[in-house]
Amino acid sequence: MSNNDPVGWGATHEHDGCNATNHLPEALVRNTPVEVVEMKTSMLIERLELRTDSGGAGEYRGGLGQRRDLRFTGSGELISVMKKSKTRPWALAGGAEPEPNAMVLFPGTGKEHRVGTSRTAVRQGDGASNQTAGGGGYGNPRTRDPERVLSDVLDEYVSPAAAREVYGVVIPGESIDWVEAKRLRTE
């Protein structure tokens, strides 16, 4: 069963990057629906979602990567073919580089470790987490429009902690604390 999980695309000087998107030349690679994967393999998909804070910060934010957690319902092998798992995607003009791609084998156990390209024997109950990279940010994150940061937090693209620490925008609920944001952005 082939599956190619999408990555976040990098931001440009005009707009944010796209979230969790496959590249057009990957026409021969399938993004197999969860229901088909579960029916045709011994894998149960426990989580499939965009990864909060996975896009590189910037005046324009990099697109988000995704997370796919799975549990094996039988014994077999997991073959991971993953590139760009050791170095971060590039950012431009002062933007932040996001975390690289990661396949985490046996998460939450004493055997937990990250791999790039690997072939691993698995047993019933074992798990894995495929975490794709986001795109690189463009420009200084402290110059991002605070209203866009608020929108990112409300959409769960950016955590409230990253909004404060990286973007200098304090969001205590569903609105901006403008006094605190101004203080942080002028420090």
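The values are calculated or read from the model by the stated rules, or taken from the named source; none is laboratory data. Remember, predicted model here, so these are calculated numbers, not experimental data. Counting neighbours? That spans all protein chains shown, and the Cβs are built from the backbone with ideal geometry, glycine included.
Brief remarks follow.
- Any hit, the stretch 165-174, residues being at pLDDT 95 or above, closer than 22 Å to Asn101 by Cβ and assigned to a helix (DSSP H, G or I): no
- Applying a threshold of 9 Å to beta carbon distances and a minimum spacing of six or more residues, or different chains, the list of pairs starting in the stretch 173-187 at a residue that is within 15 Å of Asn140 (Cα to Cα) and ending at one that is of a type in the set (Gly, Ala, Ser) reads Leu184/Gly168; Arg185/Gly168; Thr186/Gly168; Glu187/Gly168.
- Within the stretch 150-168, being buried (at least 17 other Cβ atoms within 10 Å of the Cβ), in contact (Cβ under 8 Å) with a residue 24 or more places away in the chain and closer than 30 Å to Lys84 by Cβ holds for Asp152, Tyr157, Val158, Ala162, Val166, Tyr167, Gly168.
- Selection of the stretch 63-102 for residues being among the basic types (Lys, Arg) and on the phi > 0 side of the Ramachandran plot yields only Lys84.
- Condition met for Arg114 (in contact with an Asp or Glu (Cβ under 6 Å, 6 or more places away or on another chain), among the basic types (Lys, Arg) and under 28 Å from Ala57 (Cβ atoms)): no
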